[in-house]
Amino acid sequence: MLPLHLVLRLRGGMPSQEDIRAAFALYDTNGDGLLSPDELKAIMCRQVPGGTVRTEAQVDEIVRQFDTD
């Protein structure tokens with residue numbers, strides 16, 4: 001979940017590049033500037049209000065469909 005200060009800033013309209021980078025950094029746990037399949041899995045398998053929880057197998061299939069490298 002995003003920190004409250006980011007949520008409040010994002011509600012005001014178009015997020016700044018700084019806001020986007022800060023939000024992305026929350027999920028890029030190894031700091032390499034990319035989301036690995038494991039980092040994506042950690043996001044997509046988490047239950048959030050109003051969200052769709054996916055299984056690890058479902059996320060693996062999504063990654064297979066769209067990851068070209």
Review point. Can you give the calculated 222 nm mean residue ellipticity of the chain, where each DSSP H run of n ≥ 4 adds -39,500 (n - 2.57) and the sum is split over every residue, rounded to the nearest 500 deg cm²/dmol?
Key: -15500 deg cm²/dmol
Exercise for review: Mind giving me the nanometre distance, one decimal, between the label points for Ser36 and Leu4, set 7 Å out from Cα along Cα→Cβ?
Suggested key: 3.3 nm
Review point. Carbon and sulfur: what percent of the chain's accessible surface (1.4 Å probe)?
Key: 57 percent
Point to revise | Answer label for Cα Rg over 2.2 N^0.38 Å (calculated), chosen among (i) 1.08; (ii) 1.24; (iii) 0.99 | key: (ii)
Review point. With the other protein chains left in place, how much accessible area per residue, in square angstrom, belongs to the chain at a 1.4 angstrom probe?
Key: 79 Å²
Review point. Tell me, what is the 1.4 Å probe accessible area of Glu39, in Å² to the nearest 10?
Key: 10 Å²
Exercise for review: With r as the distance between the Cβ atoms of Cys45 and Ala25 and R0 = 22 Å, compute the FRET efficiency 1/(1 + (r/R0)^6) and round to 0.05.
Suggested key: 0.65
**Study point:** Theoretical gain in end-to-end length, Glu18 to Glu61 [0.36 nm per residue, Cα-Cα removed]
**Key:** 12.3 nm
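The values are calculated or read from the model by the stated rules, or taken from the named source; none is laboratory data. Since this is a predicted model, take the numbers as computed values, not measurements. Cβ: placed from backbone, ideal geometry, glycine included. Neighbour counts: every protein chain shown. Accessible surface is based on the protein model in full, side chains and every heavy atom, while ligands, DNA and RNA are left aside. Shrake-Rupley method; radii C 1.70, N 1.55, O 1.52, S 1.80 Å.
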